[in-house]
Amino acid sequence: MTSPPRYAAEQLHRYASALLQKAGMQTELAECVADTLVQGDLLGHDTHGLALLAGYLKELETGSMRAQGAPLVVSDRPAALLWDGQRLPGPWLMKQAMDTLTPRARELGVSSLVIRRSHHIACLAVYLLRALQDDLLMVLACSDANSASVAPFGGTQAVFTPNPLALGFPLSDESGVMVDISASITTNGMSNRKHKAGEKYAYDVLIDADGNPSNDPALLFATPPGTLLPVGGLTHGHKGYGLSLLVESLTGGLAGHGRADPKEGWGATVHITLYDLKAFGGHAEFLRQMDTVAERCRTNKPIDPQRPVRLPGEGGLARRAQQLKEGVQLHPSILPSLEDYANKFGVKL
(Lines give C-alpha, C1' and ligand atoms only; values in the text may rest on other atoms or scores of the structure.)
Protein backbone atom coordinates (compact mmCIF):
# COMPACT_ATOMS: atom_id res chain seq x y z
CA MET A 1 0.00 0.00 0.00
CA THR A 2 1.31 3.45 -0.92
CA SER A 3 1.83 5.80 2.00
CA PRO A 4 -0.30 8.98 1.94
CA PRO A 5 1.63 11.98 0.58
CA ARG A 6 3.17 14.49 2.92
CA TYR A 7 3.62 18.20 2.28
CA ALA A 8 6.06 20.72 3.70
CA ALA A 9 4.29 23.15 6.02
CA GLU A 10 5.69 26.13 4.11
CA GLN A 11 4.41 24.66 0.84
CA LEU A 12 0.90 24.36 2.28
CA HIS A 13 1.15 27.87 3.71
CA ARG A 14 2.00 29.36 0.30
CA TYR A 15 -0.83 27.42 -1.33
CA ALA A 16 -3.45 28.54 1.21
CA SER A 17 -2.25 32.15 1.21
CA ALA A 18 -2.31 32.30 -2.59
CA LEU A 19 -5.89 30.99 -2.72
CA LEU A 20 -7.04 33.51 -0.11
CA GLN A 21 -5.34 36.40 -1.90
CA LYS A 22 -6.81 35.34 -5.25
CA ALA A 23 -10.21 35.39 -3.53
CA GLY A 24 -9.58 39.02 -2.58
CA MET A 25 -8.12 38.86 0.92
CA GLN A 26 -5.49 41.44 1.81
CA THR A 27 -1.99 39.92 1.87
CA GLU A 28 -1.31 40.47 5.58
CA LEU A 29 -4.61 38.85 6.53
CA ALA A 30 -4.16 35.97 4.08
CA GLU A 31 -0.70 35.16 5.43
CA CYS A 32 -2.05 35.05 8.98
CA VAL A 33 -5.07 32.90 8.11
CA ALA A 34 -2.95 30.49 6.08
CA ASP A 35 -0.45 30.11 8.91
CA THR A 36 -3.19 29.41 11.46
CA LEU A 37 -4.84 26.76 9.29
CA VAL A 38 -1.55 24.97 8.60
CA GLN A 39 -0.65 25.10 12.29
CA GLY A 40 -3.96 23.39 13.04
CA ASP A 41 -3.04 20.52 10.73
CA LEU A 42 0.47 20.35 12.19
CA LEU A 43 -1.08 19.82 15.63
CA GLY A 44 -3.35 17.11 14.23
CA HIS A 45 -6.64 19.03 14.42
CA ASP A 46 -7.48 18.16 10.83
CA THR A 47 -11.13 19.25 11.00
CA HIS A 48 -10.01 22.75 12.01
CA GLY A 49 -7.00 23.27 9.75
CA LEU A 50 -7.00 23.42 5.96
CA ALA A 51 -10.31 21.56 5.99
CA LEU A 52 -11.82 24.99 6.68
CA LEU A 53 -10.21 26.71 3.70
CA ALA A 54 -12.87 25.90 1.10
CA GLY A 55 -15.53 27.27 3.43
CA TYR A 56 -13.52 30.43 4.04
CA LEU A 57 -13.09 30.96 0.28
CA LYS A 58 -16.83 30.60 -0.22
CA GLU A 59 -17.46 33.13 2.55
CA LEU A 60 -15.10 35.59 0.84
CA GLU A 61 -16.95 35.10 -2.45
CA THR A 62 -20.34 35.84 -0.90
CA GLY A 63 -19.01 38.76 1.16
CA SER A 64 -19.90 37.10 4.46
CA MET A 65 -16.21 37.28 5.45
CA ARG A 66 -14.55 40.67 5.00
CA ALA A 67 -11.26 40.66 3.13
CA GLN A 68 -9.71 43.77 4.68
CA GLY A 69 -10.30 46.32 7.40
CA ALA A 70 -9.79 46.61 11.16
CA PRO A 71 -11.82 45.80 14.28
CA LEU A 72 -13.90 48.53 15.88
CA VAL A 73 -12.90 49.28 19.49
CA VAL A 74 -16.19 49.41 21.42
CA SER A 75 -14.72 49.66 24.91
CA ASP A 76 -11.15 49.95 26.16
CA ARG A 77 -10.18 49.78 29.82
CA PRO A 78 -6.63 48.85 30.82
CA ALA A 79 -7.44 45.19 31.52
CA ALA A 80 -10.80 44.76 29.77
CA LEU A 81 -11.60 45.41 26.12
CA LEU A 82 -14.46 44.82 23.71
CA TRP A 83 -14.02 44.80 19.93
CA ASP A 84 -16.48 44.52 17.10
CA GLY A 85 -14.70 42.22 14.67
CA GLN A 86 -16.58 43.60 11.65
CA ARG A 87 -16.76 39.98 10.33
CA LEU A 88 -13.05 40.00 9.56
CA PRO A 89 -11.15 36.68 9.44
CA GLY A 90 -11.04 35.15 12.92
CA PRO A 91 -7.39 34.01 12.86
CA TRP A 92 -6.23 37.52 11.98
CA LEU A 93 -8.42 39.06 14.71
CA MET A 94 -6.96 36.56 17.18
CA LYS A 95 -3.42 37.62 16.28
CA GLN A 96 -4.32 41.28 16.77
CA ALA A 97 -5.99 40.39 20.06
CA MET A 98 -2.96 38.56 21.45
CA ASP A 99 -0.64 41.34 20.25
CA THR A 100 -2.82 43.79 22.18
CA LEU A 101 -3.34 41.73 25.32
CA THR A 102 0.19 40.41 25.90
CA PRO A 103 1.84 43.71 26.93
CA ARG A 104 -1.16 44.59 29.08
CA ALA A 105 -0.98 41.23 30.85
CA ARG A 106 2.75 41.83 31.48
CA GLU A 107 1.96 45.21 33.04
CA LEU A 108 -1.32 44.50 34.83
CA GLY A 109 -1.05 40.79 35.58
CA VAL A 110 -4.18 39.90 33.64
CA SER A 111 -5.95 41.22 30.56
CA SER A 112 -9.16 40.21 28.79
CA LEU A 113 -10.69 40.91 25.41
CA VAL A 114 -14.07 39.93 24.02
CA ILE A 115 -14.66 40.07 20.26
CA ARG A 116 -18.14 40.16 18.85
CA ARG A 117 -18.94 39.68 15.16
CA SER A 118 -15.68 37.87 14.40
CA HIS A 119 -15.68 35.33 11.63
CA HIS A 120 -14.71 31.73 12.50
CA ILE A 121 -11.41 31.51 14.44
CA ALA A 122 -10.26 28.01 13.35
CA CYS A 123 -8.22 25.81 15.74
CA LEU A 124 -8.10 27.10 19.33
CA ALA A 125 -4.99 25.07 20.16
CA VAL A 126 -2.93 27.21 17.77
CA TYR A 127 -3.42 30.22 20.04
CA LEU A 128 -2.62 28.19 23.13
CA LEU A 129 0.70 27.31 21.53
CA ARG A 130 1.62 30.99 21.34
CA ALA A 131 0.64 31.48 25.00
CA LEU A 132 2.98 28.63 25.99
CA GLN A 133 5.80 30.19 23.99
CA ASP A 134 5.12 33.57 25.63
CA ASP A 135 5.12 32.03 29.14
CA LEU A 136 1.51 33.03 29.78
CA LEU A 137 -1.58 31.23 31.01
CA MET A 138 -4.43 31.57 28.53
CA VAL A 139 -8.18 30.96 28.78
CA LEU A 140 -10.07 31.04 25.50
CA ALA A 141 -13.76 30.48 24.82
CA CYS A 142 -15.82 30.72 21.65
CA SER A 143 -19.45 30.49 20.59
CA ASP A 144 -21.37 31.11 17.38
CA ALA A 145 -24.77 32.70 17.93
CA ASN A 146 -25.59 32.27 14.24
CA SER A 147 -26.14 28.53 14.54
CA ALA A 148 -27.18 25.88 17.04
CA SER A 149 -26.69 22.12 17.15
CA VAL A 150 -26.60 21.25 20.88
CA ALA A 151 -29.70 21.03 23.09
CA PRO A 152 -29.68 21.87 26.80
CA PHE A 153 -29.56 18.76 29.00
CA GLY A 154 -32.98 17.13 29.06
CA GLY A 155 -34.16 19.00 25.95
CA THR A 156 -34.42 18.12 22.27
CA GLN A 157 -34.14 21.52 20.53
CA ALA A 158 -30.77 23.07 19.75
CA VAL A 159 -29.74 26.21 21.64
CA PHE A 160 -25.92 26.09 21.62
CA THR A 161 -23.02 25.41 19.30
CA PRO A 162 -20.41 22.97 20.67
CA ASN A 163 -18.99 26.01 22.52
CA PRO A 164 -15.28 25.21 22.77
CA LEU A 165 -13.31 26.13 25.87
CA ALA A 166 -9.52 26.09 25.87
CA LEU A 167 -6.75 26.48 28.44
CA GLY A 168 -2.99 26.62 27.96
CA PHE A 169 0.02 27.07 30.24
CA PRO A 170 3.75 26.29 30.13
CA LEU A 171 5.77 23.72 32.05
CA SER A 172 9.45 23.96 32.92
CA ASP A 173 10.53 21.25 30.47
CA GLU A 174 9.73 23.62 27.56
CA SER A 175 6.48 21.76 26.91
CA GLY A 176 3.10 22.73 28.26
CA VAL A 177 -0.54 21.83 28.66
CA MET A 178 -3.08 22.63 25.94
CA VAL A 179 -6.68 21.77 26.79
CA ASP A 180 -8.97 22.25 23.79
CA ILE A 181 -12.40 20.78 24.47
CA SER A 182 -16.04 21.41 23.64
CA ALA A 183 -19.13 21.44 25.81
CA SER A 184 -20.58 18.81 23.46
CA ILE A 185 -19.28 15.26 23.05
CA THR A 186 -18.23 15.90 19.46
CA THR A 187 -18.06 18.82 17.05
CA ASN A 188 -19.97 20.08 14.02
CA GLY A 189 -16.82 19.79 11.90
CA MET A 190 -16.37 16.08 12.62
CA SER A 191 -20.10 15.45 12.20
CA ASN A 192 -20.13 17.18 8.81
CA ARG A 193 -17.12 15.15 7.67
CA LYS A 194 -18.67 11.85 8.72
CA HIS A 195 -22.01 12.75 7.18
CA LYS A 196 -20.42 13.56 3.81
CA ALA A 197 -18.50 10.28 3.93
CA GLY A 198 -21.58 8.27 4.91
CA GLU A 199 -19.94 7.25 8.18
CA LYS A 200 -21.33 6.84 11.68
CA TYR A 201 -19.73 7.34 15.08
CA ALA A 202 -18.55 4.34 17.09
CA TYR A 203 -20.83 5.40 19.96
CA ASP A 204 -23.96 7.47 20.54
CA VAL A 205 -23.12 11.17 20.44
CA LEU A 206 -26.47 12.51 19.23
CA ILE A 207 -30.18 12.32 19.90
CA ASP A 208 -32.94 12.54 17.32
CA ALA A 209 -35.74 15.10 17.56
CA ASP A 210 -37.61 12.80 19.98
CA GLY A 211 -34.63 12.33 22.27
CA ASN A 212 -33.55 8.85 21.15
CA PRO A 213 -29.76 8.26 21.24
CA SER A 214 -27.94 7.67 17.96
CA ASN A 215 -24.50 7.47 16.37
CA ASP A 216 -25.69 8.77 12.97
CA PRO A 217 -24.58 12.37 12.14
CA ALA A 218 -27.22 12.46 9.38
CA LEU A 219 -29.71 13.29 12.14
CA LEU A 220 -28.32 16.83 12.26
CA PHE A 221 -29.60 17.30 8.70
CA ALA A 222 -32.98 15.64 9.21
CA THR A 223 -36.34 17.43 9.48
CA PRO A 224 -36.82 18.08 12.34
CA PRO A 225 -33.10 17.92 13.15
CA GLY A 226 -31.44 15.97 15.90
CA THR A 227 -28.82 17.49 18.20
CA LEU A 228 -25.36 16.74 19.55
CA LEU A 229 -25.26 15.51 23.13
CA PRO A 230 -23.50 17.66 25.73
CA VAL A 231 -20.44 16.30 27.51
CA GLY A 232 -21.68 13.69 29.97
CA GLY A 233 -24.24 12.31 27.54
CA LEU A 234 -27.69 11.11 28.50
CA THR A 235 -26.79 10.41 32.14
CA HIS A 236 -24.47 13.26 33.11
CA GLY A 237 -25.07 15.85 30.41
CA HIS A 238 -25.70 18.55 33.02
CA LYS A 239 -21.90 18.90 33.06
CA GLY A 240 -21.66 19.83 29.40
CA TYR A 241 -24.79 21.96 29.75
CA GLY A 242 -23.05 23.92 32.51
CA LEU A 243 -19.95 24.37 30.35
CA SER A 244 -22.15 25.70 27.51
CA LEU A 245 -23.66 28.28 29.82
CA LEU A 246 -20.19 29.28 31.06
CA VAL A 247 -19.02 29.84 27.48
CA GLU A 248 -22.18 31.75 26.56
CA SER A 249 -21.71 34.12 29.51
CA LEU A 250 -18.02 34.71 28.73
CA THR A 251 -18.72 35.34 25.03
CA GLY A 252 -22.19 36.57 24.09
CA GLY A 253 -22.97 37.81 27.60
CA LEU A 254 -19.87 39.95 28.02
CA ALA A 255 -19.97 40.99 24.35
CA GLY A 256 -23.54 42.21 24.63
CA HIS A 257 -24.12 40.50 21.30
CA GLY A 258 -25.27 36.95 20.75
CA ARG A 259 -28.35 34.79 20.53
CA ALA A 260 -30.68 37.71 21.30
CA ASP A 261 -29.61 39.42 18.05
CA PRO A 262 -30.33 38.79 14.34
CA LYS A 263 -28.16 36.18 12.66
CA GLU A 264 -25.42 37.34 10.29
CA GLY A 265 -23.90 34.07 9.08
CA TRP A 266 -21.04 31.77 10.10
CA GLY A 267 -19.00 33.56 12.73
CA ALA A 268 -17.84 33.69 16.32
CA THR A 269 -17.99 35.56 19.58
CA VAL A 270 -14.68 35.15 21.38
CA HIS A 271 -13.35 35.57 24.92
CA ILE A 272 -9.59 35.73 25.55
CA THR A 273 -7.88 36.17 28.92
CA LEU A 274 -4.11 36.15 29.44
CA TYR A 275 -2.45 35.80 32.85
CA ASP A 276 1.15 36.75 33.62
CA LEU A 277 2.58 33.97 35.80
CA LYS A 278 4.76 36.46 37.68
CA ALA A 279 1.79 38.51 38.90
CA PHE A 280 0.40 35.99 41.37
CA GLY A 281 2.41 33.39 43.30
CA GLY A 282 5.36 33.93 40.98
CA HIS A 283 6.68 32.26 37.83
CA ALA A 284 8.88 29.75 39.65
CA GLU A 285 6.11 28.77 42.05
CA PHE A 286 3.61 28.32 39.23
CA LEU A 287 6.01 25.95 37.47
CA ARG A 288 6.77 24.10 40.73
CA GLN A 289 3.10 23.43 41.30
CA MET A 290 2.13 22.54 37.74
CA ASP A 291 5.27 20.45 37.13
CA THR A 292 4.29 18.37 40.15
CA VAL A 293 0.75 17.91 38.87
CA ALA A 294 2.08 17.04 35.41
CA GLU A 295 4.53 14.48 36.79
CA ARG A 296 1.83 12.79 38.88
CA CYS A 297 -0.35 12.51 35.80
CA ARG A 298 2.41 11.22 33.51
CA THR A 299 3.60 8.60 36.01
CA ASN A 300 0.10 7.49 36.96
CA LYS A 301 -0.41 3.74 36.66
CA PRO A 302 -2.33 3.31 33.40
CA ILE A 303 -5.35 1.09 32.85
CA ASP A 304 -3.66 -0.14 29.67
CA PRO A 305 0.18 -0.30 29.86
CA GLN A 306 0.30 0.32 26.09
CA ARG A 307 -1.50 3.64 26.59
CA PRO A 308 0.26 5.67 29.31
CA VAL A 309 -1.39 8.77 30.71
CA ARG A 310 -0.65 11.87 28.63
CA LEU A 311 -1.15 15.55 29.32
CA PRO A 312 -3.64 17.39 27.10
CA GLY A 313 -1.76 18.74 24.11
CA GLU A 314 1.19 16.39 24.51
CA GLY A 315 0.23 14.35 21.46
CA GLY A 316 -0.38 17.47 19.40
CA LEU A 317 3.01 18.97 20.24
CA ALA A 318 4.74 15.69 19.36
CA ARG A 319 2.77 15.45 16.13
CA ARG A 320 3.67 19.02 15.24
CA ALA A 321 7.39 18.38 15.77
CA GLN A 322 7.21 15.21 13.65
CA GLN A 323 5.26 16.82 10.82
CA LEU A 324 7.53 19.86 10.69
CA LYS A 325 10.35 17.40 10.09
CA GLU A 326 8.65 14.80 7.88
CA GLY A 327 5.84 16.79 6.24
CA VAL A 328 2.15 17.25 6.92
CA GLN A 329 -0.22 14.39 6.19
CA LEU A 330 -3.54 15.90 5.17
CA HIS A 331 -6.91 14.26 5.58
CA PRO A 332 -7.84 12.79 2.16
CA SER A 333 -10.94 15.03 1.86
CA ILE A 334 -9.05 18.33 2.07
CA LEU A 335 -7.32 18.79 -1.29
CA PRO A 336 -10.33 17.58 -3.32
CA SER A 337 -12.45 20.20 -1.53
CA LEU A 338 -10.10 22.89 -2.89
CA GLU A 339 -9.84 21.68 -6.50
CA ASP A 340 -12.50 23.99 -7.90
CA TYR A 341 -10.89 27.06 -6.33
CA ALA A 342 -7.39 25.96 -7.33
CA ASN A 343 -8.52 25.60 -10.94
CA LYS A 344 -10.51 28.83 -10.87
CA PHE A 345 -7.61 30.88 -9.54
CA GLY A 346 -4.82 28.99 -11.32
CA VAL A 347 -3.08 28.07 -8.05
CA LYS A 348 -1.17 24.79 -7.86
CA LEU A 349 0.16 22.92 -4.85
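General observations
- Looking only at the stretch 19-32, and only at residues there that are hydrophobic (A, V, I, L, M, F, W, C) and free of Cβ contacts under 8 Å to residues at least 60 places away in the same chain, the one that is nearest to Glu339 (Cα to Cα): Leu20
- For the stretch 273-293, the criterion of being within 30 Å of Leu60 (Cα to Cα) and either in contact with a strand residue (DSSP E or B) (Cβ under 8 Å, 6 or more places away or on another chain) or among the small types (Gly, Ala, Ser) (or both) is met by at least one residue.
- All helices (runs of 4 or more DSSP H) inside the stretch 1-92 with 1 or more residues being more than 19 Å from Gly265 (Cα to Cα): 9-22, 27-42
- A residue that is of a type in the set (Val, Ile, Thr) and within 15 Å of His120 (Cα to Cα) occurs nowhere in the stretch 71-82.
- Which numbered condition Leu220 misses (of (1) more than 21 Å from Leu317 (Cβ to Cβ); (2) assigned to a strand (DSSP E or B)): (2)
- Only one of Ile121, Ile115 that is out of contact with any Asp or Glu (no Cβ under 9 Å at 6 or more places or on another chain), β-branched (Val, Ile, Thr) and touching a residue at least 24 places away in the same chain (Cβ under 8 Å): Ile121
- When each of Gly211, Gly198 is tested for being without any contact (Cβ under 8 Å) to a residue 12 or more places away in the chain and on the phi > 0 side of the Ramachandran plot, the lone residue that passes is Gly198.
- Residue match in the stretch 180-203 (condition: basic (Lys, Arg), more than 19 Å from the chain's Cα centre (by Cα) and either closer than 19 Å to His120 by Cβ or outside any loop (DSSP other than H, G, I, E, B) (or both)): yes
- Residue in the stretch 315-328 that is surrounded by 12 or more Cβ atoms within 10 Å (Cβ to Cβ), acidic (Asp, Glu) and modelled with pLDDT of 95 or more present: no
- Within the stretch 222-250, considering residues that are in contact with an Asp or Glu (Cβ under 9 Å, 6 or more places away or on another chain) and not hydrophobic (A, V, I, L, M, F, W, C), the one farthest from Thr156 (Cα to Cα): Gly233
- When each of Pro225, Pro262 is tested for being of a type outside the set (Ser, Thr, Tyr), surrounded by 16 or more Cβ atoms within 10 Å (Cβ to Cβ) and part of a loop (DSSP other than H, G, I, E, B), the lone residue that passes is Pro225.
- Count of the stretch 94-152 residues which are over 19 Å from the mean Cα position of the chain (by Cα) and surrounded by 24 or more Cβ atoms within 10 Å (Cβ to Cβ): 3
- Taken over the stretch 14-55, the criterion of being in contact with a helix residue (DSSP H, G or I) (Cβ under 7 Å, 6 or more places away or on another chain) and surrounded by fewer than 17 Cβ atoms within 10 Å (Cβ to Cβ) is satisfied by Gly24, Thr27.
- Val73 vs. criteria within 28 Å of Pro312 (Cβ to Cβ), in the same structural domain as Leu335 (by TED's automatic domain parsing) and of a type in the set (Val, Ile, Thr): no
The values are calculated or read from the model by the stated rules, or taken from the named source; none is laboratory data. Note that this is a predicted model, so its numbers are computed, not measured. A quick note on method: Cβ atoms are made from the backbone with ideal geometry, for glycine too, and the neighbour counts reach across all protein chains shown.
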